[in-house]
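In what follows, a single structure is set out as structure tokens and then discussed.
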Amino acid sequence: MSLPYTQEMLDSVKKVEATREERMKTEPRRMTAEEKDDVLQKFHPDFKMEGFEQLQMGPNKGEKAPVELAALLQGKSRLSGKEVSLKDPDYDADVLIIGGGGAGCSAAIEAHQAGAKVMIVTKLRLGDANTMMAEGGIQAADKENDSPAQHYLDAMGGGHFANVPYLLQKLVTEGPEAVNWLDHLGVMFDKDEDGRMITTHGGGTSRKRMHAAKDYSGADIMRTLRDEVQNRGIQIVDFTSAVELIKDTEGKAAGAVLMNMETHEVQVARAKTVIIATGGAGRIHYQGFPTSNHYGATADGLVLAYRAGARLLYQDTLQYHPTGVAFPAQIFGALVTEKVRSMGAMFVNEKGDAYMHPLETRDVAAASVIRECKERGNGVHTPLGDGIWLDSPMIDLIHGKGMLEKRLPGMLRMFGKYDIDMREVPILIYPTLHYQNGGIRISADGMSDIENLYVAGEAVGGIHGRNRLMGNSLLDIIVFGRNAGQQAAAKSKNVKVADLTLDFVKEFEREEAAAGIESSLLSPLLLPDYRPENMKTI
Ligand code: MEZ
């Protein structure tokens, strides 16, 4: 086994080792509110003006959006110039769920439980989603020293007080029940010898409330939900994407136009209610960042809803996970779970200085990593760019030998494949595009601005304000996924679908023409395009 670090990296590792004993005696101090604001404004990509533009049309006209998202929101419908017959739908459902990740499956289980005829359409396989990629855990305030109120305050502070209060309240108050539900469905949470959940801190948490299944929490949650959906016999139409919503002549959501991903055959699904659970947008690679996201994370739900007239909220805020892999190349941009720093690994620069507290919130931590590399020149140089060390050998020194292997087997294996034993040497990180803080605006019942169109999971905007805390997204897919399934199933009992129409797409095209937009970019994007001619800086 030969460590693939360059000589320059090895020289820096020596400095990290030389300061370790002393560093472990005192925690780095926390930044003040002013220091946080300063680093965010100067170094966080959300504040980089050239990354954004004003939307020229649609419900959020005049507001700021990332340039890549604006292009998709104002893009060309895949049905443009095509006639789709809506007369004899291929599918009929009470609840049509677009997306087969954690939120979609949670919604499907609850809607099915309520007796609705449910159909899931997913562009890849059931469970191919960002849920699967989540590692470190799910938050819930279920310990004696904790409370939903405490959880609310932490998330509100982390979100810069922009979280929509009634959504956040729902998230935290229903958190314990959500974890209990998963536990009963069979998620293999880490427990102590008395059967009590083991919980840890995350960045910005005042209590240990992160429940984990080692460092593949999302994968285990997805496995469990997928099994439950399949065991219930819920209808799944896979390798098929939704390319436009369908409304009825009363303006209510009434289904979707579907496209087979292989044959491109177009089909029509009519539904009394529709739930968008399409997940995030990392594969759009905002500002050229690499991503920790699943292959299908291309903001499709936002495009579908926007074109049909639903407002977005906080579409201009993204989450860059501070600890993406910066070396080696084979796993560049992959997620290094926040659990690594929550178990004590410090951020250490090229000189061996722990220049930041390990548990700053993600936006502050990411901006500080960028500043350390770009402004202060304290990054570790590699052939791929600069990075900062995450001093992983500290974990066994703090918790005892064997703990890293026990709690972070996925990380150990991922780096081990490239001959990096993270128990022995620090690992190199740099921010990676991780989460879409903004999304489609919903009310407390999960409904968007369009009647009978519900939204759940990462496609929702507002729950997390302008920066999400670790583990609150695995929680929101369960809380808001279940909620959307229950609400949509109940609503569908009283829905009579009028005639189907796609007139709103034509109207959108007219609005585009009036705004002088001539786009040839087909949207929703559906899958990223990695052909060399389409690669920017990624
Ligand atoms: O909530 C997340 O994004 C998460 C659990 C990620 C991680 O660092 O493991």
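Placing +1 on the Cβ of every Lys and Arg and -1 on the Cβ of every Asp and Glu, with no other charges, gives the stretch 218-315 a dipole of roughly 300 debye about its Cα centre.
Taking amide H atoms as placed 1.01 Å from N in the peptide plane, the amide H of Met57 lies under 5 Å from those of Gly62, each 5 or more residues away in sequence or on another chain. Lys and Arg at +1, Asp and Glu at -1: add these up for the other residues within a Cβ distance under 10 Å of Asp363 and post the number. That works out to +2. Taking every alpha-carbon pair under 8 Å whose residues sit at least 6 apart, the stretch 330-470 reaches a relative contact order of 22 percent.
Summing +1 for each Lys or Arg and -1 for each Asp or Glu among the other residues whose beta-carbon sits under 14 angstrom from that of Gly402 gives +1. Each Cα pair under 8 Å and six or more residues apart adds its sequence gap; the mean of these over the residue count of the chain is a relative contact order of 26 percent. If both residues of a DSSP beta bridge must be in the chain, then about 65% of such bridges are antiparallel.
Ignoring any ligand, DNA or RNA, what whole percent of the accessible area of the chain comes from carbon and sulfur when the probe is 1.4 angstrom? Solvent-exposed carbon and sulfur of the chain make up 49 percent of the total.
So what is the relative contact order for the stretch 1-127, in percent, with contacts set as C-alpha pairs under 8 Å and at least six apart? Could the numbers behind the result be given before it?
Working: 75 pairs, mean separation 16.5, N = 127.
In percent, rounded to a whole number, it is 13.
Per-residue accessible area (protein heavy atoms, 1.4 Å probe) orders Tyr295, Tyr454 as Tyr295, Tyr454, starting from the largest.
Taking a 1.4 Å probe, which of Glu424, Glu110 shows the most accessible area, and what order do the others take after it?
Values: Glu424 110, Glu110 20 Å².
Per-residue accessible area, sorted high to low, gives Glu424, Glu110.
Rounded to the nearest 10 degrees, the inclination of helix 175-185 to the longest alpha-carbon principal axis of the chain is 80 degrees. Per-residue 3J(HN,Hα) values for the stretch 294-310, derived from phi via the Karplus relation 6.51 cos²θ - 1.76 cosθ + 1.60 with θ = phi - 60°, read 5, 3, x, 7, 10, 6, 4, x, 5, 5, 4, 5, 5, 5, 7, x, 8 Hz in sequence order (x marks Gly and Pro). Charge tally around Glu507: other residues with Cβ under 13 Å, Lys/Arg +1 each, Asp/Glu -1 each, net -1. Seen against the Cα atoms of the chain and their longest principal axis, helix 472-492 is set at about 10 degrees. Proximity of backbone amide H atoms, modeled 1.01 Å from N, is registered between Gly203 and Met470 at under 5 Å, excluding neighbours fewer than 5 places apart on the same chain. Taking all protein chains as shown and a probe of 1.4 angstrom, Thr200 keeps an accessible surface of around 20 Å². Helical runs assigned H by DSSP (4 residues or longer) give the chain a calculated mean residue ellipticity at 222 nm of -9500 deg cm²/dmol, each run adding -39500 (n - 2.57) before division by the residue total. At a probe radius of 1.4 angstrom, the accessible area of the stretch 330-431 per residue rounds to 33 square angstrom.
Using a ≥ b ≥ c from the Cα gyration tensor of the stretch 134-241 (square roots of the eigenvalues), is it rounded, prolate or oblate, where a/c under 1.5 gives rounded and otherwise the larger of a/b and b/c decides, a/b for prolate?
Values: a/c = 2.11, a/b = 1.38, b/c = 1.54.
Oblate, since a/c reaches 1.5 and b/c is not below a/b.
Taking amide H positions as modeled 1.01 Å from N, with prolines and chain starts lacking one, the residues under 5 Å from Val243 and 5 or more places away or on another chain are Val257, Leu258, Met259.
The values are calculated or read from the model by the stated rules, or taken from the named source; none is laboratory data. Quick caveat, the model's predicted, so the values are computed rather than measured. FYI the Cβ positions are ideal-geometry reconstructions off the backbone, even for glycines, and counts take in every protein chain you see. Accessible surface areas use protein heavy atoms only, side chains included; no ligands, DNA or RNA. Shrake-Rupley method; radii C 1.70, N 1.55, O 1.52, S 1.80 Å.
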